[in-house]
Amino acid sequence: MAVAATFSISEVQSLEIEALVKAGQYTSKSDVAKDALRCLFQHNPALKINAAIQLYKENKVSIGRAAEIAHINTIDFKEILIDRGITINQPPLTKRERERGIAVIKQLRKK
């Protein structure tokens, strides 16, 4: 899903982007922006983690999806959240999970 983004750049940067497209280095201005972001995140992976954390904090993505965005596993992502003092949101239990939990508790009480 493509989303239009609006941002400001200097006139020189705009001319440089247009020149890259006209020279055939990229097929569109969007491709230039995508490549620039890819290079930025590749050069500074912490930015990817910070973006994933922010998306998670805003409830825009699940913890699993945030870990994917950060290019780390879910356990490591959870550890980063804990280290930063960020509360891990637990999804609500399904009816089946609640019933199973109640059954386990009842069995433990019988022992």
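Taken together, the values in this text are just the output of simple stated rules run on the coordinates, not laboratory data. Fair warning: this is a prediction, and the values are worked out from it, not measured in the lab. Methodologically, a virtual Cβ is constructed for each residue, glycine included, from the backbone with ideal geometry; neighbour enumeration extends over all protein chains shown.
Can you give the angle from 0 to 90° between the axis of helix 45-57 and the longest principal axis of the chain, with both taken from C-alpha atoms, to the nearest 10?
50
Just need the relative contact order of segment 12-111 here, percent rounded to a whole number, with Cα pairs under 8 Å and 6+ apart.
12
Given 20 °C and 1.002 mPa s, compute D for the chain with the Stokes-Einstein relation, Rh being the Kirkwood radius over Cα pairs; round to the nearest whole µm²/s.
Calculated translational D: 120 µm²/s.
Mean projection of the alpha-carbon convex hull of segment 2-54 over all orientations, in nm²?
Taking the Cα atoms of segment 2-54, their convex hull projects to 4.6 nm² on average.
As an exercise, identify the GluC sites (Glu not before Pro) in segment 58-92 lying in DSSP coil whose Cβ has no more than 14 other Cβ atoms within 10 Å.
In loop regions of segment 58-92 (DSSP not H, G, I, E or B), the sparsely surrounded GluC sites (Glu not before Pro) are E58.
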